[in-house]
Protein chains: 2
Amino acid sequence: MYSVAVEDYLKSLWKLGPNNVGTKQLADNLRVSKASATKMILRLAEKELVDHIPYKGASLTKKGELEALSIVRKHRLLETFLSQTLGLGREEIHDEAEILEHALSKNLEMAIADYLGNPTRDPHGHPIPGPNGELYNETDLPLCDSPINMSLIVMQVPDDDPSILSWLENNGIHPGTILKIISRDKFDGGLNVKIGEVKKRISSSIASLVKISFEVEN
Amino acid sequence: MYSVAVEDYLKSLWKLGPNNVGTKQLADNLRVSKASATKMILRLAEKELVDHIPYKGASLTKKGELEALSIVRKHRLLETFLSQTLGLGREEIHDEAEILEHALSKNLEMAIADYLGNPTRDPHGHPIPGPNGELYNETDLPLCDSPINMSLIVMQVPDDDPSILSWLENNGIHPGTILKIISRDKFDGGLNVKIGEVKKRISSSIASLVKISFEVEN
DNA sequence: CACTTATATTAGCCATGGCTAACCATTGTA
DNA sequence: TACAATGGTTAGCCATGGCTAATATAAGTG
């Protein structure tokens, strides 16, 4: 078993990956000093969880990646579980899961996955890695890069920013929402979209965090 | 928020209380050295969580007791929640709750209590403290001290020893079981009991861990 | 009362994981 | 090419929470 801090570093590296991650980027992501990040990277390299090239950056080894995926799995299963059983909203579950993920045994993880019917997406639409780190559903596209005038289905919304999430929720955008891009602002990249008959404007920064798939016609 | 270690010390002190608890007793309970226990007791005294009389022992202050009760509440709510939602057995839930209790926010605690209908007993029959540390159900008696030939209802079984718990479970003894003491062994204090029409022998060590109340005739 | 035994404390070490301050390396631009 | 600026590392400090070994106190016994 690894400590909470080690697990947090691995998870951050995974989220920032798959390429080499710089010390500053990692430090900023975890809100610690660069020195702390360097120290931890050296320790992770010692444990063969990352490869580290001094002054160049670090990247997860296979072993480190599996460990990171295990935490991500626990996080997303917990979000799903809390949402299903307690009816907590998409904005609330992230912070709780962020803490609980480090306290979830393999046994409980399995019991929860079983209870939920081994889901492959969490309430934000993010893919849930399998018990051995298998990841599917990697084909979703950022909304900001999607084609105009096609029927798109929202697959993923971000999970870690309650304010963005509330905005999306209030505007009827969550996994499963069907929308069309009508036009794209040439200057700031913002999108004009149509949800049902309602028109909305989505800023480019938010649109880059929403992922879509093409609606299956049947 | 206090650290996991601090919370564990407070919980142990509460379980071993309410009188002064010796350093060795505490150290044994937490499986740490006496030196570690002494050091922590000094720190807890610093934070005004315990009163410490050197070479005499420590006892929780009101502040420390409330903190301990908060952890106990989380523990017992979690046991109840895991049992209800995931159907985990009485033998499994303790160890999981032991870890999760430190990662449960006040918010989630409330959501779980609400979901469960604010229960006052966990699956082992232990009373669940209220959100502000209120404790009722303190009148249950140890089975070993109970009178012969009266209809007794099992209220509490121990929560922290899976082997004892399995034995009890296999012999049909859990919260709600109704039994009578037929006779008590004069030499070792073991009990001969009748559950329904079935006779069982319960060792005095186990009987001291089972608590009963008198069956209400109605 | 003296002496043994059990219990408690202190001193000092270690690992973890933060931090600041100071010092290196890399990069981009004048 | 020189020299900021940015990014990365090192040194050295701190708190937490373990540990052992040595010492101090309390309690029980001849």
**Complete:** Out of (1) touching a residue at least 40 places away in the same chain (Cβ under 8 Å); (2) open to solvent by 10 Å² or more (accessible area, probe 1.4 Å); (3) small (Gly, Ala, Ser); (4) away from chain B (no Cβ under 14 Å), the one A:SER83 does not meet is (4)
**Prompt:** Just for strands (runs of 3 or more DSSP E) wholly inside the stretch B:134-218: which have at least 1 residues that are on the phi < 0 side of the Ramachandran plot and of a type in the set (Ser, Thr, Tyr)?
**Reply:** B:178-184, B:211-214
**Fill in**
(1) under 13 Å from the mean Cα position of the chain (by Cα); (2) buried (at least 20 other Cβ atoms within 10 Å of the Cβ); (3) within 30 Å of A:ILE182 (Cα to Cα) all hold for A:ASP140 apart from (2)
**Prompt:** Can you spot a residue in the stretch B:143-155 that is surrounded by fewer than 21 Cβ atoms within 10 Å (Cβ to Cβ), closer than 25 Å to A:LEU86 by Cα and touching a residue at least 12 places away in the same chain (Cβ under 8 Å)?
**Reply:** no
**Message:** surrounded by 15 or more Cβ atoms within 10 Å (Cβ to Cβ), facing another protein chain (nearest Cβ under 10 Å) and free of Cβ contacts under 8 Å to residues at least 12 places away in the same chain: is that true of A:LEU108 in this structure?
**Reply:** yes
**Prompt:** Restricting to helices (runs of 4 or more DSSP H) lying wholly in the stretch A:2-86: which have 3 or more residues that are more than 15 Å from DNA strand D (Cβ to nearest atom) and in contact with a Pro (Cβ under 8 Å, 6 or more places away or on another chain)?
**Reply:** A:62-86
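The values are calculated or read from the model by the stated rules, or taken from the named source; none is laboratory data. Model, not experiment: these values are computed from the prediction. Note that we place each Cβ from the backbone using ideal geometry, even for glycine, and neighbour counts take in every protein chain shown. Side chains included, ligands, DNA and RNA excluded: accessible areas come from the protein's heavy atoms. Shrake-Rupley method; radii C 1.70, N 1.55, O 1.52, S 1.80 Å.
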